Amino acid sequence: MVRHMGGESLKKRKGNVPTWWADAKLGIFIHWVPASVPGFAPTSQGIKELLVSDTPNPLSETPYSEWYQNSLRFPESSVSAFHLARYGDRPYEEFVGDFVAGTGQWDPVEWAARFSETGAGYVVLVTKHHDGWCLWPSDVTNPHRAKWHSERDLVGELAVAVRATGMRFGMYYSGGYDWTFDDTPIGTFSDGLAAIPRGDYVEYATAQVRELIDRYRPSVLWNDIAWPSTHAQLAELFAYYFERVPDGVVNDRWMTSPDLSPLLRVPGVRRGIESIAKKSVRRQGLVPPKPKFFQFRTPEFTVQPVIDLQPWEVTRGMDAGFGYNRSSTESDFLDADELVASLVDTVAKGGNLLLNVGPRGEDAQIPDEQLRRLTVLADWMGTNGTALVGNRPWVVPTATSPEGLGLHFTARGERVWAMVDRHVTRGATPVTLPMLATVRTVVTDAAGEALAFEATAAGICVALPGIEHAGTPLVPITAIAVDHVSALPGTGCQG
């Protein structure tokens, strides 16, 4: 059944996103939950490497610290060893008190200012993660754990601060898991299917999402894992959302399915599920299955190989996870060049980057190693952001110049932006772009200053001014604009 919302149907919205989302290119994800208080996960393996390994119960060793409570249910896990040594037999639920105390030092206006400086167009806050604790004073009663929510409206305060900067505000909600309803230990893919709550959880989750919609009018509705209701019930929820937020957008993690618990008890079924899931991760990385309705795809910690004109958003942390992880060292984080390159590569291939920030739970502060990377983005985007924001892919996403320099491209109208991964040098850097010049061709830097160029048989040769390392993280990726050109045939573009 197709539900109509202000003259538009779900069918018309499927695979289509509002212009503001397509133009944004960069969003900030925030994982800030009670698990951010212990803030620990093993870092020996990345999530993709772990999931395709032969590690028993691989999800018990996830590098995602926000899964701390689940890992704690496995006595032999790294988290259990850490917890015993640091906290003894203290139950996970007591971390809520520490988290709430830490919010006394929280400044949502400062967070919003730091995010806005990066050039991000939207912020997505985790309002409820898998532990079920809510960051807003919900009026929806949890039948299994009373008052399992913040008394302070953390969601509302951040929404006001974010919108005051001109950014859009979105919300993550864990629809697929709530460990106050089903605390089945999740070690494998098939365990994860068995742990999706049913029964009274359907009504509870639906009521909470409606409450979030009514109170905060989120521009992004970002569900995770799955959705426990039927598709017909979910279609009603989408209709409710779009009637109240006509230019809103929803992601692709709304897969609905019947209760698979009986099937999972059949001999051999779990083994088959694990085999299929591992093959999928090896082939394409962490990419969720397509539900009946979605507007954009959400690959996770995954690099897309080519241009994809279907709306998509890659989500990842600055290190190997999302929540704050005190065990992450500098080598676990993207360096400055890798961070900017990840954004540039994503946009050149048609996507958005939803980059995670994981504040500490004990004092509501963003750790210095993450702040430094936000500053890197702010510095680079402040100079080069017009090469990304509002643009679309060119005819090819990437190339290698005859000089051996990596190139990425975006385009808008008759302007092509080339982002050159160059060397730090005092002298000029020549770069040949795979483009055919015309009598109208103009080449400028990101500030609009004209650059000299020469039309050659190999393309347009531009001499980029020298750059020097100034003692701060320097990203030698330079954006230049080229107007009124076409692609040069036979240049060996990589795409």
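Listed by chain and number, the lysines whose C-alpha is less than 28 Å from the C-alpha of residue 279, apart from same-chain residues fewer than 8 away, are 14, 48, 290, 292, 349. Label the chain by shape, choosing from rounded, prolate and oblate, from the square roots a ≥ b ≥ c of the eigenvalues of the Cα gyration tensor; if a/c is under 1.5 it is rounded, and otherwise prolate applies when a/b is larger than b/c, oblate when it is not. Here the chain falls in the prolate category. Residue 441 to residue 326: extension gain in nm, 0.36 nm per residue of separation minus the Cα-Cα distance? Residue separation times 0.36 nm, minus the Cα-Cα distance, leaves 36.3 nm.
Taking 7 Å steps out from each Cα toward its Cβ at residue 457 and residue 230 produces label points 7.0 nm apart.
Listed by chain and number, the aspartates and glutamates whose C-alpha is less than 12 Å from the C-alpha of residue 128, apart from same-chain residues fewer than 8 away, are 66, 178, 224.
Taking a ≥ b ≥ c as the square roots of the Cα gyration tensor eigenvalues, with a/c under 1.5 meaning rounded and otherwise prolate when a/b beats b/c, else oblate, which class fits the range 268-340? Judged from the Cα gyration tensor, the range 268-340 comes out oblate (a/c at least 1.5, b/c at or above a/b). Close amide H contacts of residue 442 (hydrogens built in the peptide plane, cut-off under 5 Å, sequence separation of 5 or more or a different chain): 483. Length available on full extension from residue 369 to residue 11: 0.36 nm per residue minus the Cα-Cα distance, which gives 124.5 nm.
Extension gain, residue 414-residue 383: 0.36 nm per intervening residue step, less the Cα-Cα distance, totals 9.1 nm.
Which percent, nearest 5, of DSSP beta bridges in the chain are antiparallel? Write down the numbers at each step before the final one.
On the way: 39 of 68 bridges.
Rounded to the nearest five, the antiparallel share is 55 percent.
Measuring r between the beta carbons of residue 90 and residue 214 and using R0 = 30 Å, the FRET efficiency lands at 0.25. By the combined test of axial Cα extent (at least 27 Å) and Kyte-Doolittle hydropathy (mean at least -0.5), none of the DSSP H helices of the chain qualifies. Each residue, residue 486 and residue 48, gets one label point 7 Å from its Cα in the Cβ direction; the gap between the two is 3.7 nm.
We did not get these values from a lab; they are worked out from the coordinates using the rules stated. It should be emphasised that the depicted structure is a prediction, and the values quoted were computed from it without experimental measurement. No Cβ is skipped: glycine too gets one built from the backbone with ideal geometry, and neighbour counts run over all protein chains shown.
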